C-alpha cells in the first residue's frame, strides 16, 4: 500500500493541500478558506481529495500544517483576555515598548494597542538583581493578591514576567505555583520557562503573545484533531514553526509563540531541500502571491534566521531601518523580507509625476481590471496581461475568466496617456518598477547582509514568482533561476521537506576566562536535557535525536553579540580557546577586524537546537502531479521591452520542456505562469524543476 | 512631467539611489560597536552629487536632516578642487560646518574616470570625544573649548593613504578610543559600500545619465514639496515658547520665536526674535535649527517625499547669528538637542495657528539627558548615558501617544536588564505617572518616571531636563501638561533638584526623573466619557481629576459613568470657566471664576 504525507497551508484566500505518495505521486487541491473555521476547510478539502482519488484516511501517515491562526488572532486582536504579573515599578514595560516608531515625520502614527490593558497588569513587590541575588523577597501574600486580582477579573490566560528573572526564577516559579493551584486549567506563560533571556521588553512581549494566543491555538488544534478523527484520519498532526522546523500539535498548543509565522516557512524549507538535492550552496528564495512578495536567503544549505521579529508590523515599504511596529517576539524565525507587491498591487502616478506600484492592492474584490469584477484601477496583473505574459482568456485552468481588452483600455487612459507613452511601454515600465520594488526585498536579505546576489540562484515560487523571476534576476546580474514543481502551491509542498526541530536559548553572562566552567557546563546540560525530553515525547530518541549547540559572545564592553556554533564535548579550557578563536574569526568576518588576545571574551547566551531525524528517505527525488495537464494554448505575442518589441512566443506545459529551449517562451500551469525572456534558456532537471540560465 | 526624460528609468534610478543611502545606514548599524548608534540610531548616511547637493538621505534621524549639505559646503570651501580619488574627509567643528563635537562626519568623494560625480556622506554620534565630562554631552560647559576634541575639515585619507597623525590625536584625547575607532571604521565601511554601489549605478546609467537623474531626483522632491506647500493657506503665523534656563543662569528663561511665512509654493521659517546665545551648552548651529524647522514642516506635508536638497529649496530657514539658534564662537553646544526639541515644539505651535486641524499640541519637551560617569576602583572609566522621552501632545483627532519617541529623534530606549548587567546602575521604576497629562477633548500623552539607583562608590550625575517652569502647551481648549520633576532619594529625604544639574552621587543614592505631561487638544468637557472612564480604570487618571478636569463622574464600584451627574458637573464647570472663546494656546491651567462645588456622591 502506498502511504501519503500531507502538506496543508492556509492562506488568506486559499487553503492549499498537497498529498505526496511514497512513489512520488502528488495530488493537489486549492480550496477557498472558510474564514472563522479553518479546521473545517482542511477536513473538507481532504474529503474532496479522497473522492477524486479513491484514497481514504488510513493511507495518510502524517499531516503537516502551516497556519496563520495565531498571527490572525494578533492582527485582529481576537486573542484571550490576558493578565500580566510583573515587578513593582515596571507595570508599563509592555506598553512603553522601546519608544521607537516605524515612521518619521508622521503625526498620525498610532502605537499598536497593548495586548494586556493596564488594569489587567498586576505588580508584585519583589526585586532580583542583575546577578540573580534576591534583593527584596516576594511574600506569598503579595503573590496571592496579584493572582487573585487577575482571577477576579476573569482573565482567560496569565503571563508572568519579572525583572532579571532570567538570572533567578524563584519568584516567577512561586507565582506560577499559585496560579497552577488556584486555576489549574488556566493557560499560563512564565518567562523563565518559555524564554529565560535578557531584555525585559522583548521577553515580556513574547511571554504575553504566547499567553494571548494560547487558548485560540489549542482550541483550533483540538477542533482540527476532532474533525480529522471524525473523518477517519488517524494520521498525526505536525505544525510548522516560525523557525522552519516542525513540532507536534501538543507542543504547539503549549508554546504557540513558536508557530506565529508558520505560514511562509514551508516554501523556504522546500526550496532549501531542493537546493541541497541539486547541490546548490547559495539560493535566494522569492515567493510572490497576490498582495505581497517575500524573500529569504539559504546559504551552505542553511536557512537564515532572525533572533527576533515583529508580528503584525505591516508590510515593509522601504526600509528595514524603521522598527517599532507590530508585536515583538524574541523567538527564532526564518528571516524574511516582505514588500507590498503582488499581482493585485495598484499602478498609479504620484504628485511628482512618477510611476508608482502599490503598496495598496485591489485585493480579491474588486481585483484587477481584467477580472471584470468592478476594478477600475490598473494593477500589476493587468500589466502582465497587456504584455502577453498571462493567458488573456483565463487563469487557474479556466476557473477565472479574464477581459484583456478592458485592462488595456484602462491602462492606456490612466497610465500611458499621462506619461505620454505607448501602452505596452507603460505596462512594461510598470512590470519593471514592480520588479524593482521586489528587488529591495531581495537586497535586504543579501547585499544588506554583505552577500553578493550574483553568487546565488533565485528560487521562484508563488503564483506570480516565476513570472517576475527572470527580469529581477537580470537586474541583479544573477544568472540562474529555479522554478520548483507545483510552484503556485509550494508553501504547502515545502512542508513535506521539513524536520522536527526545537530551539532553546538562555542568557548566561560570564567572562569566559574567569568563569566556573562546571557551572557553564551544567547550564548547557540543562538546556540539552530540555531538548531531549521534548524530542523523546515526540518519539525521537537515541540516534534519531540530534542536538546542536551555539554560543553568543562579545568582547567585554561591546553592546552586541555574535553567535558561533559550538562543537560537542565537555566545556573545558580547550573549549574556551576554541570559542574565543571562533568568535574572533566571526568578528573579523562581520566587522573587518578583531581584537588581540588580551581582550576578554564574554559569553552572553547559549542555544541548543534539538532535531528529530525522520525514518527512511524523505521526499522522493522525482515527483509528478496526478493532474492531467490540458493541451497548451497557441503561441501568442508577448512584449519584452523596446529593444525586442513584440515577439511571437510559444506557450508550453512543463512536461514539454524536453532538452534545452531558448526563450522567449511561457510555461503555463494550473497554479503559476513562468516567463522565459529572449536570451534565456530553460530546461527541466530530473527533479522536475524548471531551470533557467540567463 | 516633461522634465523627466524617461519616467520609468528615473523611478528605477531613484529606487537605487535611496537604496544606497539605506544600505550605508544598515552598514553602520551592522558594524558599530556602540549602543548610541544601535539603540539610538543617532547617525545618518547619504549620497550627495559632485557639488555637494544632497540627493538621498537614509531614514534614521530627523535631527540630522540638513546637516550634510552644511558640512559638505565647508569641505568644498576648504579644499575646492584640491581633492582626488581615494581622499576621505573627517570633521566635527560646529563652527566650520559641524553640529556638536560628538557628531563626527566622514565624507568620501566618488569618482568616475577622474570626474567627481558624488559624495558618500556619514555622520555618527560618538560615545566620547573627550572634554571635561565623560560622554562629551555636558549641558553646563560654557565654551566649546571644554567640550572635547575639535576637528577641522581634514583629509583622513589622502589618495588612499591613512593620515596616522589624525588618528593618534584622536586616540590620545578620547576616553574610549576602541569604541571611537570601531565606529569610525563603521563610517568608512558605509562609504566603501556606497562607492561600490555607486560605481554600478554609473555603469548602468553612464556618467551623464547618472548626473541627469541625480538632478532629477532633487527636482522631483522639490516638485512634491512645492505641490504640497501650494495646497496650504498663504499668510504669516508666529509662535513663541521658552526653555526654562540654560543651567548656568538659573531661572532666566530663553525665548524661542518663530514666524512662518507661506506664499504660493514657498515657505520661509524665520527665527528672528530668538534669544541671544547663552553660556550653557545648548546653542544650536544653523544646520540644527534647519533640521528642526524641516521636521515641523514635513510633519504637515504628505508622507513619502524623499529627503534631499529639493525639500530645502522650497523651505528657507533664517536665524540670525549670535542667537541660541545660530551660535558663534565660543558658544558651547554639546547639549543643544534641547534647543532643537523646543524649536520643533515652536514649529508645531506656529503650524497649529496656520492649520488648526492638523497639528499636535506640545509633547513632553523632548529628551531628558541623564549621564552618570566616574571610575571603578581599578580606575577604569564607566559612562552611562540615557536619553529618554515619551509623551506626545494630543492630536486634533486622537490622544497623544504614551511612551513614544519624539518625532525629532526617533530613538529606542536601552534595556534595563542590559543596563544593570553592564553599568553600576539599577533602575527601580520605569512606569507611567497618573494625573500629569494635559486634559483635552483628546488628552496629552501620559509621561513616565525613571528611578536610577547608583551602586558604585562615587560618581558624577549630570542632568539636562526642562519643561519645569514652562509647561507643554495645550491647543484649542486643551490644557497644558504638568511640569517635569527631579528628586534625590524619593523614599528618604526626597530633595527637590533643579531641572539642570551636575552633582556628586554616592553608593545607594536614587535619582528620580518624572517627565512633563504632554498638552491636550480641544475642550476637555467634550471628551467622550467612555475615554475618561478607560483612563480612570487604567489608573492613568484619578477619579477626582476626572471630575475636576473633565466633569466626568465615575462609579468606581461598577466602573460606569454616572450620566446625569456628569451632565450636571459639566454644565457647572462650563459656567464657572466662562470662556469668551476657546483659547488657542494654554500654558497654564484654565481659571474658574468660582471655585467648583465639592464632589457629590454619585
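Just so you know, all these numbers are worked out from the coordinates, no wet-lab data involved. Everything quoted here is computed from the prediction, not taken from an experiment. Glycine also receives a Cβ, built like all others from the backbone with ideal geometry; neighbour counts cover every protein chain displayed.
One table, with the values for the structure above:
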read-out: Relative counts (whole %) of C-alpha pair distances in chain A, using bins that are 20 Å wide; value: 17, 49, 30, 5, 0
read-out: Cα-based helix-to-principal-axis angle, B:563-577 vs chain B, degrees rounded to 10; value: 80 degrees
read-out: C-alpha long axis of helix B:67-79 to longest principal axis of chain B, angle in °; value: 30 degrees
read-out: Descending Cα extents along the principal axes, region B:527-586, whole Å; value: 37, 24, 17
read-out: Fewest-first sequence of B:237, B:392 by Cβ atoms within 10 Å of each Cβ; value: B:237, B:392
read-out: Debye-sum result for region A:586-694 in log10 I(q)/I(0), which assumes one identical scatterer on each alpha carbon, at q = 0.19, 0.21, 0.23 Å⁻¹; value: -1.02, -1.18, -1.32
read-out: Label-zone membership for region B:494-537, site residue A:119, 7 angstrom Cα→C-beta point, backbone N under 17 Å; value: B:528-537
read-out: Label-point separation, residue B:457 to residue B:265 (7 Å along Cα→Cβ), nm; value: 6.7 nm
read-out: Label-point separation in nm, residue B:377 to residue A:139, each point 7 Å along Cα→Cβ; value: 3.5 nm
read-out: Order of A:201, A:555 - criterion: other Cβ atoms within 10 Å of each residue's Cβ, fewest first; value: A:555, A:201
read-out: Cα gyration tensor category, rounded, prolate or oblate, for region B:224-375 with a/c compared to 1.5; value: prolate
read-out: Expected 222 nm ellipticity per residue - DSSP helices of 4 or more, -39500 (n - 2.57), all of chain A, to 500; value: -9000 deg cm²/dmol
read-out: Spread of Cα-to-Cα distances over 20 Å intervals beginning at zero, given as percent, for the protein assembly as shown; value: 10, 37, 39, 13, 0
read-out: Rounded FRET efficiency, nearest 0.05, which uses the C-beta distance separating residue A:250 from residue A:182 and R0 of 35 Å; value: 0.90
read-out: Calculated FRET efficiency for the pair residue B:494/residue B:313, C-beta based, R₀ 45 Å, to 0.05; value: 0.25
read-out: Distance-filtered residues of region A:423-460 - backbone nitrogen under 20 Å, label point 7 angstrom along residue A:106 Cα→Cβ; value: A:437-438, A:440-441, A:444
read-out: Distant alpha-carbon pairs in region B:373-525 (separation over 20 angstrom), percent; value: 52 percent
read-out: Cβ-based exposure ranking for A:129, B:93, A:300, B:549, in which fewest neighbours within 10 Å come first; value: A:300, A:129, B:93, B:549
read-out: Two-site FRET efficiency, residue A:351 against residue B:238, from Cβ-Cβ distance with R₀ of 41 Å, rounded to 0.05; value: 0.90
read-out: Overall dimensions of region B:7-224 as given by Cα atoms, namely Rg and Dmax in Å; value: 17.0, 55
read-out: Globularity index of region A:49-157, i.e. its alpha-carbon radius of gyration over 2.2 N^0.38 Å; value: 1.70
read-out: DSSP-defined antiparallel bridges as percent of all bridges, chain A, nearest 5; value: 70 percent
read-out: Backbone N within region A:416-435 under 12 Å of label point (7 Å from residue A:646 Cα along the Cβ vector); value: A:423-425
read-out: Equivalent ellipsoid semi-axes - Cα gyration tensor, region A:238-367, angstrom; value: 29, 19, 15
read-out: Coordinate range along principal axes, alpha carbons of chain B, Å, largest first; value: 84, 68, 42
read-out: Debye intensity ratio in log₁₀ form over the Cα atoms of region A:543-628, taken at each q of 0.25 Å⁻¹; value: -1.26
read-out: Value of [θ]222 nm, deg cm²/dmol, for chain B, DSSP H segments ≥ 4, -39500 (n - 2.57) each, nearest 500; value: -10000 deg cm²/dmol
read-out: Region A:389-434 - Kirkwood radius from inverse mean 1/r over Cα pairs (Å); value: 11.5 Å
read-out: Relative contact order %, region B:7-224, counting alpha carbon pairs below 8 Å whose residues are six or more apart; value: 25 percent
read-out: Relative contact order of region A:500-612, pairs being alpha-carbon contacts under 8 Å that are 6 or more residues apart, as %; value: 49 percent
read-out: On Cα atoms only, tilt of A:170-182 relative to the major axis of chain A in degrees; value: 80 degrees
read-out: Kirkwood-based Rg to Rh ratio, region A:81-210, C-alpha trace; value: 0.99
read-out: Bins of 5 Å, starting at 0 and running to the largest distance - Cα pair percent for region A:488-579; value: 2, 10, 19, 20, 15, 12, 9, 6, 4, 2, 0
read-out: Rough spin-label spacing in nm, given labels placed 7 Å along Cα→Cβ, for residue A:516 and residue A:573; value: 2.0 nm
read-out: Dimensions (Å) - region A:432-543, Cα atoms, principal axes, largest first; value: 58, 38, 21
read-out: Region A:134-192, relative contact order in percent, only Cα pairs under 8 angstrom and at least six apart counted; value: 41 percent
